[in-house]
Each structure stands twice: as structure tokens, then as C-alpha cells.
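Peer 1: What follows is a single structure, and I will ask about it in a moment.
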Amino acid sequence: MNYWLMKSEPDAFSIDDLKNCPKGTEHWDGIRNYTARNFMRDEMAVGDLVLFYHSNAKPPGVVGIAKVVSKPYPDHTAFDNSSKYFDPKSDPDNPRWVMVDIKYIKKVKQFVSLAELKANPKLSDMMLLTHSRLSISKVTEDQWEEVLKMAQTKV
DNA sequence: GCCAACGTTGGC
DNA sequence: GCCAACGTTGGC
């Protein structure tokens, strides 16, 4: 069991958008960063839990909990030249980019802003804070429990 | 809208 | 393999 934090811009895809998907499940397409891809491809497993984070929001922060519900599989948007995620270098016979399916679990009871995360000394090593531009980051079990405590939420 | 941080690309 | 140029992310 691993824990993750995944960012999404609420203007593009919010926690409510995920909730409103059929079965609360959507594929997490468009990851075009090797570190984030490698996490999905090599380490994510069905059942892993995810902090759903709104980036480019006012204010940014953790808004909900989701779950990984598929193994990694090729990100087909890389092959679609009408997609904004089109990547001509991704060969359908050897896909460069992968995605997983994410399922809505719940919103947090108490929103936890980036400022609050930064202000908590127990979270100073959190990958979100040390790798600020990475859209998928790891969360340790201790960090997970601390963030859920701040969010007054249990899974 | 600005810009710092930083990942990627491509020439050499 | 180095590194300058460039593009993107995302907080503010």
C-alpha cells in the first residue's frame, strides 16, 4: 500500500468533476513528466490511496481522497493528434506515457491549504514541498496520517 | 500577469 | 556529455 498526492487544476478537472464521473472513476491522462510517469508505471498499485490536490487554485491545497483502481496502461491521448497531450514521439507499439484510473472516495472535512502544509514542521520533507512542480508525488504513511488529521478526515 | 524553479531539447 | 535556450508549472 502506497500513498500519493496528485495535483489537478480545478478549472480543468476538480474533485467535483471526479465525483461526477461514472462510478466516480476517471483515467488520469496527460502526465508528460518522466518522474511522475515512473511513479505510475513502476510503483502505483490498485488500492493505493491518493490526496487530491487543487493546484493553481485560490488557495491551492488538499481537497479530497481518491484511490488507484487500475494498473498502469498506455495513455492513448499521446497518439491522438487532436489532443493537447499528443506526443508524436510516443510509438503505439512502445508507448512512452501511461496512466491509471482514479476513483473518488470523499472530500476532506476540512480543506488543507498549501500554506498550512508548509507551516507544519512534521511535513517539511513532504515531496509536494520539496519538488514543487511535480504533479504526482509520494506521501509517507506518517505524512498521510498528519494531513488527514489536519483535514479532520478518516478514510 | 509575473517570474522562480526546473525539466526537456538539441546543437556541438 | 555539456549546457544554453526554451517551455512549463504553479505560487503569489
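Peer 1: Using only Cα atoms and rounding to the nearest 10 degrees, what angle (0 to 90) does helix A:141-150 make with the longest principal axis of chain A?
Peer 2: Tilt of helix A:141-150: around 60 degrees.
Peer 1: Turning to a different aspect of this structure: Please give the net charge around A:T140, taking every other residue with its beta carbon less than 10 angstrom from that of A:T140, where Lys and Arg add +1 and Asp and Glu add -1.
Peer 2: On the way: positive: A:K138; negative: A:D125, A:E141, A:D142, A:E145, A:E146.
Net charge around A:T140: -4.
Peer 1: Under a point-charge model restricted to the Cβ atoms of Lys and Arg (+1) and Asp and Glu (-1), what is the dipole moment magnitude of the stretch A:82-155 relative to its Cα centre, in debye to the nearest 20? Could the numbers behind the result be given before it?
Peer 2: Details: 13 positive and 10 negative charges, 73 e Å.
For this selection, approximately 360 debye.
Peer 1: Related question: Peptides A:98-104, A:43-49: what's the order by average Cβ count within 10 Å, highest mean first?
Peer 2: Numbers: A:98-104: 21.9, A:43-49: 14.4.
Peptide ranking by packing, descending: A:98-104, A:43-49.
Peer 1: List, in the order given, every pair from A:K19/A:K71; A:K71/A:K149; A:K58/A:K89 whose Cα-Cα distance in the structure shown is over 25 Å.
Peer 2: The pairs that break the limit, which is 25 Å between Cα atoms, are A:K71/A:K149; A:K58/A:K89.
Peer 1: While we're here: Taking +1 at the Cβ of each Lys and Arg and -1 at the Cβ of each Asp and Glu, which of A:T153, A:Y53, A:S137 sits farthest along the dipole of chain A towards its positive end, judged by Cα position relative to the Cα centre?
Peer 2: A:T153
Peer 1: About the Cα centre of chain A, what is the dipole size in debye to 20, counting +1 per Lys and Arg Cβ and -1 per Asp and Glu Cβ, all else neutral? Walk me through the numbers before you get to the answer.
Peer 2: Working: 22 positive and 21 negative charges, 81 e Å.
Computed about the Cα centre, the dipole is about 400 debye.
The numbers here are math on the coordinates, done by the rules we state, and not lab data. In this text the structure is predicted, and so the values were computed from the model without any measurement. All Cβ positions, glycine included, derive from the backbone under ideal geometry; neighbour counts span all protein chains shown.
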